[in-house]
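The values are calculated or read from the model by the stated rules, or taken from the named source; none is laboratory data. Here the structure is a predicted model, which is why all the values come from computation and not from measurement. Here the Cβ is made from the backbone with ideal geometry for all residues, glycine too, and neighbour counts use every protein chain on show. In case anyone asks, the SASA skips ligands and DNA or RNA and just uses the protein heavy atoms, side chains included. Shrake-Rupley method; radii C 1.70, N 1.55, O 1.52, S 1.80 Å.
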There are 2 protein chains.
Amino acid sequence: MDKDLILLGHGSGGKLSHQLLDDLIIPALSAIPLSGQNDAAVVEHDGRRLAFTTDSYVVDPIFFPGGNIGDLAVNGTINDLAMMGAAPLCLSVGLIMEEGFSRKELAAILASMRKAADLAGVRIVTGDTKVVPRGKVDRIYINTSGIGFFAHDLQINGCRAEQGDKVIISGTIGDHGIAILAAREGLELETGIESDSAALNGLVLELLKEGDAIHVLRDPTRGGVATTLKEIAVQSRVTIQLQEAELPFKAAVKGVCAVLGLDPLHVANEGKLLAIVAAEAAERLLARMHNHPLGAEAAIIGTVSGVSDGRVQMETVVGGVRAVEMLAGEQLPRIC
Amino acid sequence: MDKDLILLGHGSGGKLSHQLLDDLIIPALSAIPLSGQNDAAVVEHDGRRLAFTTDSYVVDPIFFPGGNIGDLAVNGTINDLAMMGAAPLCLSVGLIMEEGFSRKELAAILASMRKAADLAGVRIVTGDTKVVPRGKVDRIYINTSGIGFFAHDLQINGCRAEQGDKVIISGTIGDHGIAILAAREGLELETGIESDSAALNGLVLELLKEGDAIHVLRDPTRGGVATTLKEIAVQSRVTIQLQEAELPFKAAVKGVCAVLGLDPLHVANEGKLLAIVAAEAAERLLARMHNHPLGAEAAIIGTVSGVSDGRVQMETVVGGVRAVEMLAGEQLPRIC
């Protein structure tokens with residue numbers, strides 16, 4: 001492992017990604033910490049706040065059960081805005097294709113982008129298309145960037161987890177990552193697992209009705225639930241304690257993880273959110289999630305149990321307690 | 001040439017790019033025409049206008065005389081905002097790197113992005129990093145997206161060229177494209193040509209002092225001056241007549257084009273703008289350009305000579321008139 005080279009793990013969303021960001025990218029690009037660990041930047045202009053975010057999608061394969069690179073790119077960027085409590089206003093699309101890419105596949109991808117944007121009530125307003133010689137990109141990569149606005153004065157960000165808060169997840173864990181893995185290995189039919197790719201802005205709008213009880217929202221994508229909770233714990237300087245028995249999983253996802261030795265808490269989700277909320281509002285928020293199609297399987301999975309330098313631990317089903325850490329290497333390259 | 005496949009020319013910025021946009025991408029993605037032929041979209045929110053734009057950079061080589069992929073990406077997106085008459089507010093950066101890419105080269109690229117942003121007075125506020133296995137991208141591609149705001153009520157766009165208007169270019173033509181070509185062929189030393197990559201927002205601010213006399217601003221990047229003027233002519237339904245004798249070129253650029261049989265009007269620029277302006281203000285605007293470091297070699301190169309379905313023609317130095325058309329195929333892949 002040459003320390004002068006970029007490694008696959010630097011794109012994992014886990015520990016190595018954080019190191020690259022902290023050691024090189026953020027100090028180089030910005031006098032102030034970019035968007036920090038949050039999903040989008042908040043920019044103040046003319047007395048108003050805007051949310052701004054960008055994501056490049058390099059998922060392999062580009063078509064998978066439950067979606068394709070196009071709707072994944074639309075939903076993912078909408079979610080980054082929604083996790084700041086912002087209402088998505090518009091998106092940009094940057095396409096990089098290799099020479100010889102099929103127009104038919106391009107049309108299918110674009111149609112699913114349009115459908116995803118329409119479903120979420122967001123407009124695609126600008127774009128860019130590049131074509132590189134065959135072999136200089138793997139079929140197609142898509143960047144989506146987005147602008148959101150704030151219809152409220154709430155401050156929702158990773159620094160706001162407080163002792164006593166409850167941790168809610170909006171549904172089953174690990175579906176996207178395992179769907180991609182199954183598609184890659186040709187196991188779709190056996191497992192029947194589909195990506196959970198979905199736009200969460202509607203669900204967030206519902207949660208915002210509880211106002212300031214919402215402290216943190218975050219979608220556990222690359223690096224999974226473990227990495228996301230660890231990020232929040234570090235930002236807020238708290239300990240988060242999970243209850244293993246409460247974690248919602250599809251049986252097939254749990255099965256694949258067991259067989260392959262994957263920790264499902266490190267597996268990516270693309271249509272789930274983690275909410276860290278005031279304890280007194282937790283049951284009401286859970287009920288709001290249960291009334292929404294994208295939150296039907298929501299569960300309270302833990303508590304902010306104390307103050308620390310940023311720890312996540314889990315009470316296991318057999319009664320022990322284990323530390324939960326960020327994804328250390330690269331589990332599944334090109335998951336999104 | 002298989003009509004079902006994407007070709008290199010679809011990324012040229014010329015005729016094939018326009019066909020792909022008009023036939024497939026725009027109808028698929030948007031109920032309304034995206035940003036149309038303009039460099040950025042204008043989004044109305046809460047009674048105010050924002051400009052929003054995105055560009056992916058795939059230039060080869062990534063380091064070239066006069067810049068690298070990093071400052072090119074920052075300047076290019078700033079210019080797309082500036083060409084709408086918007087003041088750039090902030091940028092996002094999306095990195096896609098291949099496994100094994102050099103951290104040292106990454107650091108150099110990021111440093112030049114920061115320097116370019118600082119020079120233009122624009123902040124980089126958010127980003128995303130993806131790493132793909134070796135060979136799944138050619139070293140590094142960078143997407144930059146940007147938000148701009150309007151400090152005025154002027155409408156500057158490609159539909160506003162009017163009969164009698166003058167056409168101004170802010171400096172010499174074709175420097176970026178020929179610098180890239182020379183770098184690729186190992187001819188840097190012989191030619192001494194550097195890319196003109198620069199942020200034009202400061203120059204635009206100067207021009208805006210002439211207010212509504214500014215009808216169209218456009219930076220002639222992919223496809224060059226010919227393609228950009230043809231786009232404007234079609235959008236505004238006018239004929240643009242150029243004077244070949246007035247076109248500013250560096251001698252070395254003209255020489256390389258002559259030897260290689262390239263039409264310099266199809267060669268990309270990355271730090272030049274075309275302004276189509278009211279005739280009565282043309283000399284004042286030219287003087288304003290001459291007083292700015294990025295407009296020292298500005299020249300009035302033509303006139304909007306009449307109304308048509310969108311034509312560009314050039315009075316040649318020997319007194320003839322020839323039609324100027326969009327770039328037809330792909331002249332230099334991966335120019336930006």
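A few remarks follow.
- Looking across segment B:257-270 at every residue that is surrounded by fewer than 24 Cβ atoms within 10 Å (Cβ to Cβ) and in contact (Cβ under 8 Å) with a residue 12 or more places away in the chain, the one that is farthest from the chain's Cα centre (by Cα) is identified as B:260.
- Positions within segment A:47-88 being within 11 Å of chain B (Cβ to nearest Cβ), in contact with a Phe, Trp or Tyr (Cβ under 7 Å, 6 or more places away or on another chain) and part of a loop (DSSP other than H, G, I, E, B), in sequence order: A:58
- Set A:184, A:222: member being buried (at least 18 other Cβ atoms within 10 Å of the Cβ), at pLDDT below 95 and not hydroxyl-bearing (Ser, Thr, Tyr): A:222
- Restricting B:153, B:128 to residues that are acidic (Asp, Glu), assigned to a strand (DSSP E or B) and under 26 Å from residue B:38 (Cβ atoms) narrows the list to B:128.
- Positions within segment A:189-201 being surrounded by fewer than 17 Cβ atoms within 10 Å (Cβ to Cβ) and touching a residue at least 24 places away in the same chain (Cβ under 8 Å), in sequence order: A:192
- Taken over segment B:124-156, the criterion of being of a type outside the set (Gly, Ala, Ser), more than 20 Å from the chain's Cα centre (by Cα) and within 7 Å of another protein chain (Cβ to nearest Cβ) is satisfied by B:124, B:125, B:126, B:128, B:129, B:130, B:131, B:132, B:133, B:136, B:137, B:138.
- Flag if residue A:91 is free of Cβ contacts under 8 Å to residues at least 60 places away in the same chain, at the interface with chain B (Cβ under 8 Å from one of its Cβ atoms) and open to solvent by less than 10 Å² (accessible area, probe 1.4 Å): no
- Against the test of being assigned to a helix (DSSP H, G or I), open to solvent by 10 Å² or more (accessible area, probe 1.4 Å) and touching a residue at least 12 places away in the same chain (Cβ under 8 Å), the options A:110, A:119 yield a single qualifying residue, A:119.
- Every residue from segment B:297-334 that is in a strand (DSSP E or B), surrounded by 12 or more Cβ atoms within 10 Å (Cβ to Cβ) and among the small types (Gly, Ala, Ser): B:299, B:302, B:305, B:306
- Failed item in (1) facing chain B (nearest Cβ under 8 Å); (2) without any contact (Cβ under 8 Å) to a residue 24 or more places away in the chain; (3) under 24 Å from residue B:114 (Cα atoms); (4) open to solvent by 10 Å² or more (accessible area, probe 1.4 Å), with residue A:26 passing the rest: (1)
- Any hit, segment A:72-88, residues being free of Cβ contacts under 8 Å to residues at least 60 places away in the same chain and surrounded by fewer than 24 Cβ atoms within 10 Å (Cβ to Cβ): no
- Boolean, residue A:142 is part of a helix (DSSP H, G or I), in contact with a strand residue (DSSP E or B) (Cβ under 6 Å, 6 or more places away or on another chain) and open to solvent by less than 10 Å² (accessible area, probe 1.4 Å): no
- Only one of B:103, B:49 that is under 30 Å from residue B:215 (Cα atoms) and open to solvent by 40 Å² or more (accessible area, probe 1.4 Å): B:49
- Verdict on residue B:254 being in a loop (DSSP other than H, G, I, E, B) and either at pLDDT 95 or above or open to solvent by 10 Å² or more (accessible area, probe 1.4 Å) (or both): no
- Failed item, numbered, when residue B:276 is tested on (1) open to solvent by 10 Å² or more (accessible area, probe 1.4 Å); (2) at pLDDT 95 or above: (1)
- Scope segment B:9-20; condition closer than 20 Å to residue B:229 by Cβ and facing chain A (nearest Cβ under 7 Å); matching residues: B:17
- Pick from segment B:225-242, criterion more than 15 Å from residue B:161 (Cα to Cα) and hydrophobic (A, V, I, L, M, F, W, C), ranking: surrounded by the fewest Cβ atoms within 10 Å (Cβ to Cβ): B:226
- Meets criteria (loosely packed, with under 15 Cβ neighbours inside 10 Å and assigned to a loop (DSSP other than H, G, I, E, B)) for residue A:245: no
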